[in-house]
1. What is the gain in length, in nm to one decimal, between K12 and I52 on full extension, counting 0.36 nm per residue of separation less the C-alpha to C-alpha distance?
2. No solvent, one uniform scatterer per C-alpha: report log10 I(q)/I(0) for the chain via the Debye equation at q = 0.18 1/Å, two decimals.
3. Name the trypsin sites (Lys or Arg not before Pro) in the chain that are in a loop by DSSP and that have at most 10 other C-beta atoms within 10 Å, would you?
4. Taking a cut-off of 14 Å between Cα atoms, list the aspartates and glutamates near K26, but don't count ones fewer than 8 places away on the same chain.
5. Taking the Cα centre as origin and putting +1 on Lys and Arg beta-carbons and -1 on Asp and Glu beta-carbons, what dipole magnitude results for the stretch 1-60, to the nearest 20 debye?
Amino acid sequence: MELLATELSEHKGNQNQIPESREEMKLVIRIKNLWKDASQVTATLSTSNPEIQSIPVNRSDFGSLSGGQE
């Protein structure tokens with residue numbers, strides 16, 4: 001897989017687009033399958049950064065991706 005793009009936006013907070021304490025951010029990623037067909041594609045987000053207090057939804061299911069599919 002190749003990471004094509006990421007987009008971080010403020011979901012709940014003061015809407016200044018800067019992650020701050022007690023705000024909720026939304027992360028959108030685009031990937032591309034560079035190889036053969038793949039099924040049950042998932043991604044897991046984690047961090048060892050002590051400044052990040054919680055990642056409530058840390059797994060995303062992409063389902064099946066054909067070779068070359070974004």
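Just so you know, all these numbers are worked out from the coordinates, no wet-lab data involved. Note that the coordinates shown come from a computational prediction; the quantities given were computed from them, not determined experimentally. As a convention, Cβ positions derive from the backbone with ideal geometry for all residues, glycine included, and neighbour counts pool all protein chains shown.
1. Numbers: separation 40, 0.36 × 40 = 14.40 nm, distance 1.56 nm.
So the extension gain works out to 12.8 nm.
2. -0.79
3. Values: sites: K12, R22, K26, R30, K32, K36, R59; in loops: R22, K36.
Sites meeting the loop and neighbour criteria: R22, K36.
4. List returned: E7, E10.
5. On the way: 7 positive and 8 negative charges, 50 e Å.
About 240 debye.
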